[in-house]
Each structure stands twice: as structure tokens, then as C-alpha cells.
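J.: Please read through the structure below; I'll follow up with questions.
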Amino acid sequence: MIPHSKPSIDQRDCDEVLRVLRSGQIAQGEEVRKFEDAFASFIGVKAGAAASSGTAALHLAMTAMGIGKGDEVIIPSYVCSALLNALSYLEAVPVLADIQPGTYNIDPVDVRRRFTRRTAAIIVPHMFGLPADMDEILSLNVPVIEDCALSAGSRYKGHPTGGMGIVSVFSFYATKMLTTGEGGMVLSNNRPLIETIRDLNDYDGKPDFSVRYNYKMTDFQAALGRSQLNRLEGFIERRKRIAAIYTEALEGMGCPTPVVPEDRDHVFYRYILSETPFDFAEEMKRRGIECRKPVFRPLHRYLGLPGYPNADSAWSRSVSIPIYPGLADQEIDLITDSLKAILG
Ligand SMILES: *Cc1c(COP(=O)(O)O)cnc(C)c1O
């Protein structure tokens, strides 16, 4: 079976983790600081604070921004439930916006409709590796939190995702663009904000008591992160190459292919087929290929809210096929042959 997702761990990654494990210094220390600096400088942002997950990074970022009980935060419906969890920790109110049909990204026009006096921020995920409409979103004049869990290395009009909002958050979960097993990062050009986040995430040795967290990354995870970061450009090249092969096969059959507006760079975290027959995933499975729904369940369905037609149609019709740097050439061949057999 070709799995839907798989991390790419090589000998250098393993050597780096072992080096730190053998050093005896394994909790948060110098390695985490080096990873924060390297990652911030890769994205082109002044400072970074590592965390134990993307969800934790989001919780810390919003806490440091002063978002709390009763504040409304606009998020898309078509995204994983991590965003809903982070808002729940803060007792903030999620306000869901619909997505654009082609790009799966949050629709700035629908965002504007959902503004109230209590709107505190918008969380903008760059879905599946394709940057959202940042100019339109930034022109709304509400604090923007970029969610780059799926978009590390992608660019909007030449600007890396993660450098355009007030803060950005990343996830280094096993199967994201780069991994530390579990892990996350907040980036910002606002150094005091990053210092606040570091303070919130380190409870020991404080003169005062106020609520803090323990969402720290370990030094051996950070060593893996830095090794993965060195490989990220290569990962992205490989993902783009595989995407080009799928697109060529689909175009040959007259099937729709992923939308990539000219002013942005898609890193193809996912390759999504937007209009599949209902038994497509079953047919692929029969041929040894695991496919998934890109989002398990849109958030408006968890919350029982009507009125998200684009999220609903993405949910019912879209399927994600395997795409990751470790996919072998003969596996790619099997996948394209299967696409031709089922859709051709
Ligand atoms: C994975 C993901 C997160 C959460 O990251 P974790 O590290 O799993 O907590 C947040 N937002 C998006 C868009 C994600 O894909």
C-alpha cells in the first residue's frame, strides 16, 4: 500500500538527533535557540519561538496578542479543528468564513461580511501549500495571524508566507512540510512579542506568579528540525516535480487540475482532485494507493452552522492523493496509471 503521507527522515537527520541525545542536554536549550534563529532567517522574519505543536504555537501567539474571552476571531470553516481548539483554550469566539472554491483558501469577501465590533483577529491558513489572497486580507485592517502549518517555503508575490501578518505559526508534525515529530513555531518581526511568548512558555525561575505554559520543544527535536530545514528546498522541488507529473496526466485526460494563481508559488503540501467520482478513493485503494479527504470535517459541521456552500462542496467532492518527497518514481507511475484508468 502506498500511504497517503509519509515523513522523509534520512541518515543525517538521525545523526543529528543522536548527537544531541548523547550530549546529555536534551530538553530546551541551545539547539532550540539555533533552530528558532535558522527558521526565522529562512522565512525572512526577525525572531521565532519554538513550541511543542502548531496548536500550542497558536495558543501562545494569541495569548501574547491579548486575545481572550469573548473576542471574535475569524477563521475559515475548511481547516483542521486545531484552530477551534486553540480558540476554545482562550474562550475566544470562532467566527467561520467560507472558502473560495478553486483555491480552498479563506474568502476575503466573506470575511468582510462577518466583521463585528468584537473582531480581534483573522487566522489565515495558506491551504495545502498555496498562499491565500494576502493583499485583500491585509487591506481589511484587522490583525492577521498567518497559519503556515502547510505552507513553509511558499511565496505570495515574492514574499514568503509567514512574514506578512503580525505573527505566523508553523507546525512540524510528522507529515508536514518539515518535521520534528511533533512541534511548532511562532514567528514575528515584533521581537517583544516573541520575548513575551518565550516567557509564557517557561514557568521556572520567575519572580512573580502568573499563568504560564509548558509547551517547550526539546533540543533533540530542534536538531531534527534544523536538519530538515536544510533539506526543505529539496523537499519542495521534489513535491513540485511530482505535482507537475500529476498535472500533465490529468490535463491529458481533460480533468481539472489544482488552481495556482500566477502571482504565487504553490509548494504542494497536498495534491487535490476537486471533482472526483464518489467511489474514487475506494478504486485507488483497490490499486494499493491510500487517498484521503483533505479536511476530515469542516468546522461549521462540527458547530452545526448552515451557510458554507464552498466548504461543503470541497468536503464532499475533493480527494487528496499521495505527494511527498519520499515517493518513489515507480509509485508515482502507479498513481498516474491509476488516475488514467479510473478517470480517463
Ligand atoms: C497541522 C495544522 C495545525 C496544527 O498543528 P499541530 O502541530 O498538529 O498542532 C494548524 N493549522 C493547520 C492549517 C494545520 O494543518
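J.: For the modelled label position 7 Å from the Cα of A328 along Cα-to-Cβ, which residues of the stretch 229-244 have backbone nitrogen atoms closer than 16 Å?
T.: No residue qualifies, since no backbone N sits under 16 Å from the label point.
J.: Now, a different point. Can you give the three extents of the C-alpha atoms in the stretch 223-344 along their principal axes, from longest to shortest, in whole Å?
T.: 44, 37, 31
J.: Would you be so kind as to identify all helices of the chain, as entire DSSP H runs, whose Cα atoms reach 24 Å or more along the helix's own axis and whose mean Kyte-Doolittle hydropathy is at least -1.0?
T.: Details: long enough: 219-252 (48 Å, -0.44).
Helices meeting the span and hydropathy rule in the chain are 219-252.
J.: How high is the FRET efficiency from C14 to R117, r the C-beta distance, R0 45 Å, rounded to 0.05?
T.: Working: r = 53 Å, r/R0 = 1.17.
Calculated value: 0.30.
J.: Moving on. Could you work out which residue, out of T180, T247, T55, moves most in a Gaussian network model of the chain, that is, has the largest mean-square fluctuation with Cα springs under 10 Å?
T.: Judging by the Gaussian network model, the answer is T247.
J.: Separate question: Restricting to bridges with both residues inside the stretch 17-134, how much of the DSSP beta-bridge set is antiparallel, in percent to the nearest 5?
T.: On the way: 1 of 9 bridges.
Of the beta bridges lying entirely in the stretch 17-134, close to 10 percent run antiparallel.
J.: Here's a follow-up. Determine, for each peptide in 312-320, 273-281, the mean count of other beta carbons within 10 angstrom over its residues, then list the peptides with the highest first.
T.: Numbers: 312-320: 17.7, 273-281: 16.0.
Listed from highest to lowest mean packing, they are 312-320, 273-281.
J.: Return the long-range amide H neighbours of I289 (sequence gap of 5 or more, or a different chain), with a cut-off of under 5 Å between placed amide H atoms.
T.: I2
J.: Enumerate the amide H contacts of A121 below 5 Å, restricted to partners 5 or more residues apart or on another chain; note that Pro and chain-start residues carry no placed amide H.
T.: HN-HN under 5 Å from A121: I74.
J.: Once the Cα atoms of the chain are picked out, what are the Rg and Dmax in Å?
T.: 20.1, 68
J.: With a Förster radius of 25 Å, plug the Cβ-Cβ distance of K157 and E237 into 1/(1 + (r/R0)^6) and report the FRET value to the nearest 0.05.
T.: Working: r = 21 Å, r/R0 = 0.84.
The computed FRET efficiency comes out at 0.75.
J.: Can you list residues from other chains, or at least 5 along the same chain, whose modelled amide H is less than 5 Å from the amide H of L140?
T.: It is none; the list stays empty.
J.: Give the peptides 199-212, 291-304 in descending order of average Cβ contacts within 10 Å, highest first. Write down the numbers at each step before the final one.
T.: Numbers: 199-212: 11.0, 291-304: 16.9.
By packing density, highest mean first, the sequence is 291-304, 199-212.
J.: Now, a different point. Multiplying the sequence separation of E91 and A38 by 0.36 nm and subtracting their Cα-Cα distance, what value in nm do you get?
T.: Values: separation 53, 0.36 × 53 = 19.08 nm, distance 3.34 nm.
Gain in length upon complete extension: 15.7 nm.
J.: Okay, next question. Can you give me the relative contact order of the stretch 213-332 as a percent, contacts being Cα pairs under 8 Å and 6 or more apart?
T.: Relative contact order of the stretch 213-332: 29 percent.
J.: Something else about it: In Å and on Cα atoms, what radius of gyration and Dmax does the stretch 115-190 show?
T.: Both quantities, over Cα of the stretch 115-190: 12.6, 40 Å.
J.: Can you tell me the FRET efficiency between N189 and E283 if r is taken as the Cβ-Cβ distance and R0 is 51 Å, rounded to the nearest 0.05?
T.: Details: r = 48 Å, r/R0 = 0.94.
The formula returns an efficiency of 0.60 here.
J.: In addition: Relative contact order for the chain: what percent, with Cα pairs under 8 Å and sequence separation of 6 or more? Show your work: numbers first, answer last.
T.: Working: 705 pairs, mean separation 83.4, N = 344.
Relative contact order here is 24 percent.
Any read-out appearing in this document is the output of simple, stated calculations on the displayed coordinates, not a laboratory observation. Computed from a prediction, not measured in an experiment: that's the story for all the values here. Neighbour counts are summed over all protein chains in view; Cβ atoms, including those assigned to glycine, are modelled from backbone coordinates with ideal geometry.
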